[in-house]
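Okay, structure first, notes after.
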Amino acid sequence: MNRPSRRLFLLLVVAALPACSTALSAPAGEWFTYRRIFKSSVPEFIEIRIQQNSNTSTYEIRQLDDDPGASAFEVGPALRSKIFQLVSELHYFKGMDLDVHRKIANLGEKTFRWDAGSEANEVKFNYTLNTAATQLLQICEGLARQQELIELLQRRIKYDRLGVNDALLQFENDLNKGVLPEPVHALPLLEQIANDNRFVEIARQRSRALAERLRHIG
């Protein structure tokens, strides 16, 4: 390669570097976001963000006056596949009208959003009769409840050992109802309680029983 050709090649490489850097730093794949805002409820704000090709997702559960801040959590491949299947069935929310448009109680403003690069669609509703949307809503509310219970167990383990059994009862109740999409994520906490003699025996026994159930589920 002669000197002018080499210089031209180097200029082309240098010019391409910013674009490569941008491509590497940009979020890859598709994202689904669920948001619910319901003033005077507990919680008032829920947001779940799930990336199609990554186990790591984020959640934010708080009152509206609280400082914002999302935390990471995991959503397994099977559940992610189900979520994005439902998003596809809902045509990625493009031009969708999910609200029932009837005079019913305010159940909170819910938002489904899909992002893929520069493209984004979203739909808002109070209540829907759409089957796919209802399934997606149940999954999202279930994930939020699951993370609430995991946070509750973490707080009780750290600050209120006598309150651990009550938190376990709440977890067991929702597990029995089938509202927790991936309860196996609580297994490390249950094993921690079961193996720690600082907790009351009834809590340790309940943790052992719940952990055994989750191992079979997993």
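Amide H contacts of Phe73: Ser57, Thr58, Tyr59, each under 5 Å away and 5 or more positions distant or on a separate chain (H built 1.01 Å from N in the peptide plane; Pro and chain starts excluded).
Out of the trypsin sites (Lys or Arg not before Pro) in the range 97-198, which ones are loop residues according to DSSP with at most 12 other C-beta atoms within 10 Å?
Hits after loop and neighbour filter: Arg102, Lys103, Arg198.
Computed from phi, the 3J(HN,Hα) profile of the range 59-68 under the Karplus parametrisation 6.51, -1.76, 1.60 (θ = phi - 60°) reads 9, 9, 10, 6, 7, 4, 7, 6, 5, x Hz, with x in place of Gly and Pro. Note on the chain: antiparallel DSSP beta bridges, both residues inside, total approximately 100 percent of the bridges counted. Spin-label model, Asn106/Leu64: points 7 Å from Cα along the beta carbon direction are separated by 0.8 nm. Take the Cα of Arg155, go 7 Å toward its beta carbon, and the backbone nitrogen atoms of the range 54-85 under 19 Å from that spot belong to 59-73. Pairs of C-alpha atoms in the chain farther apart than 28 Å represent 44 percent of all such pairs. With viscosity set to 1.567 mPa s at 4 °C, what whole-number translational diffusion coefficient in µm²/s follows for the range 105-218 from Stokes-Einstein and a Kirkwood radius over Cα pairs? Here the translational diffusion coefficient equals 81 µm²/s. Across the range 169-185, computed HN-Hα scalar couplings (Karplus, 6.51 cos²θ - 1.76 cosθ + 1.60, θ = phi - 60°) run 4, 4, 4, 5, 4, 6, 4, 4, 6, x, 8, 9, x, 9, x, 4, 5 Hz from first to last residue, x flagging Gly and Pro.
Here the Karplus curve 6.51 cos²θ - 1.76 cosθ + 1.60, taken at θ = phi - 60°, turns the phi angles of the range 112-127 into couplings of 9, 9, 10, 10, 8, x, 8, 9, 8, 9, 8, 9, 10, 7, 9, 8 Hz, with x standing for Gly and Pro.
State the percentage of accessible surface on the chain attributable to carbon and sulfur atoms; use a 1.4 Å probe and exclude ligands, DNA and RNA. Before the final figure, lay out the partial values.
Working: 6690 of 12760 Å².
Carbon plus sulfur share of accessible area: 52 percent.
Lysine pair count for the chain (Cα-Cα distance under 22 Å; residues 8 or more apart in sequence or on different chains): 11.
What translational diffusion coefficient, to the nearest whole µm²/s, does the range 101-145 have by Stokes-Einstein, given a Kirkwood radius computed over alpha-carbon pairs, a temperature of 10 °C and 1.306 mPa s viscosity? List each step's numbers first, then the result.
Values: Rh = 12.0 Å.
For these conditions, the coefficient is 133 µm²/s.
Once the Cα atoms are used to define both axes, helix 131-159 deviates from the longest principal axis of the chain by about 70 degrees.
The values are calculated or read from the model by the stated rules, or taken from the named source; none is laboratory data. Keep in mind the model is a prediction, meaning the values are calculated, not measured. When we count neighbours, we look across all protein chains shown, and the Cβ atoms used for this are built from the backbone with ideal geometry, even at glycine. Only protein heavy atoms, including side chains, enter the accessible area calculation; ligands, DNA and RNA are left aside. Shrake-Rupley method; radii C 1.70, N 1.55, O 1.52, S 1.80 Å.
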